[in-house]
Amino acid sequence: MRKIGIYNLYWDTMGGGEVNSGALAEVLSQNDQVTLLGPVEPKKEDFLKYLDIDLSNCTFLPVDSDDKATIVSEDFDIFINHTWMSKAENRSDNGIYLVMFPRNPRRFRSYIKSGVFRALWLITLPFVSLIPRIVPFTQAFRRRVFNESWLNSYQQIISISEYSAEWTKRLWKRESEILWPPMNCSTSSESKEKIILSVGRFFPENIGHCKRQLDLVEAFRSLHESGKADGWRLVLAGGCAPIGRDYYLKVRKAAQGLPIDVHVNLPQDDLENLYSKASIYWHATGYGQSARRFPIWFEHYGISVIEAMAAGAVPVVLEIGGPAATVRNKIDGVHWGSLEELINATVFLIEDQEYLEELKNNAQQRALSFDRRVFDERVKKVFSENREKEKIG
């Protein structure tokens, strides 16, 4: 039985990355000894209740930083790093880095800053051995200066989507296998209404993955004023932390006077009800950003898009990012690049109900490719191959 450590600093947030880490832990714990590494022990009952993930076979070890993760990694046969932007080094025989997204391309000023840090580190290097207490800090400083030396300690890279794999190759010069996050894709047969849905947290434009709800409001305003969407409503739903409150209020204000509903922190049952009623699903994360300079601000995978497809809402998604790979253009959804294209594609779907129905059926079938059962089999295959390599080694 192999000892496997899975490192994630954010178990308690129970977000998309934690769904991925937790599902991976559940599958591996069926045959191996799995230890969850992080600052706060995951609440196993919550993972089971809200995410349908069983962590009962897993143990927990408190680890609250990359430095500590580096140290404990040597205690495992396999060390899996699934922490956002982590630079922990692997000291196990088999290190696996599970990438959500590598980073943005470095800009010229970052090279200048890196050179300054490098010079400072080299100047202070002779004095480090004289002050043992600051060694951990200088080690962290060294990782910042010598940017990606830690990456070479991992034997395998796994990406969560084609989009992440593409940028991992471009920025890290490493090939990676793809392991799509798991979904419970039970398809819906509910009758559809004249609803366009978009689900995503309310973030301001300059922080995190802004879902561009303000842009969607303006797109729907044009659609509504054109008279080609009579009786249709736009529904925006998502979580909202304090940092997103001002942006959420802007969205509410922009939506006034239009057939637009804005919902915050809906219970899961209500959200699933919206998915089941929606005919069309809009997704706009990354719109207005430079894909060359800031690829990280585009959707890396897009769980909500898969949920919409499973429920029979035809996805109309930005042509850049994770959803552009999961949604095949004009087969099980439509791609767009400008708000005008988004509006035109939506009008076409509204006016051609036969085509809308065809894409709906294709979308539901496509969603099954991302089902939890597919994920489980993929994990077993990847780690079975990993076990065979260990034997050969």
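Some observations on this one:
- Within segment 295-393, helices (runs of 4 or more DSSP H) holding 1 or more residues that are farther than 25 Å from ASP270 by Cα and at pLDDT 90 or above: 323-326, 339-351, 353-367, 372-392
- As a summary of the residue check, GLN155 satisfies the conditions (1) of a type outside the set (Ser, Thr, Tyr); (2) surrounded by 22 or more Cβ atoms within 10 Å (Cβ to Cβ); (3) closer than 28 Å to ARG372 by Cβ except for the one numbered (2).
- Restricting attention to segment 38-88, the residues that are assigned to a loop (DSSP other than H, G, I, E, B) and either on the phi > 0 side of the Ramachandran plot or open to solvent by 30 Å² or more (accessible area, probe 1.4 Å) (or both) add up to 14.
- Here GLU205 fits the description: over 16 Å from the mean Cα position of the chain (by Cα) and in contact (Cβ under 8 Å) with a residue 40 or more places away in the chain.
- Filtered residue count, segment 158-187, keeping only those that are within 19 Å of VAL374 (Cα to Cα) and in a loop (DSSP other than H, G, I, E, B): 11
- Boolean, ILE350 is buried (at least 21 other Cβ atoms within 10 Å of the Cβ), touching a Ser or Thr at 6+ places or on another chain (Cβ under 9 Å) and among the hydrophobic types (A, V, I, L, M, F, W, C): no
Results for (1) aliphatic (A, V, I, L, M); (2) within 22 Å of the chain's Cα centre (by Cα); (3) not in a helix (DSSP H, G or I), shown as yes or no for each residue.
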{"site": "ARG221", "(1), (2), (3)": "no, no, no"}
{"site": "TYR247", "(1), (2), (3)": "no, yes, no"}
{"site": "GLY257", "(1), (2), (3)": "no, no, yes"}
{"site": "TRP282", "(1), (2), (3)": "no, yes, yes"}
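Listed here are the residues, each with its yes/no results for (1) closer than 18 Å to PHE383 by Cα; (2) β-branched (Val, Ile, Thr).
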| residue | (1), (2) |
| --- | --- |
| ARG2 | yes, no |
| TYR10 | no, no |
| SER21 | yes, no |
| GLN33 | yes, no |
| VAL63 | no, yes |
| GLU74 | no, no |
| ILE96 | yes, yes |
| ASN104 | no, no |
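- Filtered residues of segment 209-223 (kept if closer than 17 Å to GLY239 by Cβ and open to solvent by less than 30 Å² (accessible area, probe 1.4 Å)): CYS210, GLN213, LEU216
- Test: residue in segment 197-213 that is under 27 Å from PHE370 (Cβ atoms), assigned to a helix (DSSP H, G or I), at pLDDT 90 or above and out of contact with any Gly (no Cβ under 9 Å at 6 or more places or on another chain): no
- Extreme residue, least open to solvent (accessible area, probe 1.4 Å), among residues of segment 256-293 that are among the charged types (D, E, K, R) and without any contact (Cβ under 8 Å) to a residue 12 or more places away in the chain: ASP270
- Scanning segment 320-346 for residues that are open to solvent by 20 Å² or more (accessible area, probe 1.4 Å) and farther than 20 Å from ILE178 by Cα returns ASN329, LYS330, ILE331, HIS335, GLY337, SER338, LEU339, GLU340, GLU341, ILE343, ASN344.
- Test: residue in segment 8-23 that is crowded, with 24+ Cβ neighbours inside 10 Å, touching a Cys at 6+ places or on another chain (Cβ under 8 Å), free of Cβ contacts under 8 Å to residues at least 60 places away in the same chain and in a helix (DSSP H, G or I): no
- Any hit, segment 225-233, residues being at pLDDT 90 or above, touching a helix residue (DSSP H, G or I) at 6+ places or on another chain (Cβ under 6 Å) and open to solvent by less than 40 Å² (accessible area, probe 1.4 Å): yes
- Qualifying residue in segment 303-316 (condition: under 18 Å from ILE160 (Cβ atoms), surrounded by 21 or more Cβ atoms within 10 Å (Cβ to Cβ) and out of contact with any helix residue (DSSP H, G or I) (no Cβ under 7 Å at 6 or more places or on another chain)): yes
- Where a residue in segment 316-339 is of a type in the set (Lys, Arg) and its partner, wherever it lies, is modelled with pLDDT of 95 or more and open to solvent by less than 40 Å² (accessible area, probe 1.4 Å), with Cβ under 6 Å and at least six apart: none
The values are calculated or read from the model by the stated rules, or taken from the named source; none is laboratory data. Worth saying up front: this structure is predicted, and the values here are computed from it rather than measured. Methodologically, a virtual Cβ is constructed for each residue, glycine included, from the backbone with ideal geometry; neighbour enumeration extends over all protein chains shown. Only protein heavy atoms, including side chains, enter the accessible area calculation; ligands, DNA and RNA are left aside. Shrake-Rupley method; radii C 1.70, N 1.55, O 1.52, S 1.80 Å.
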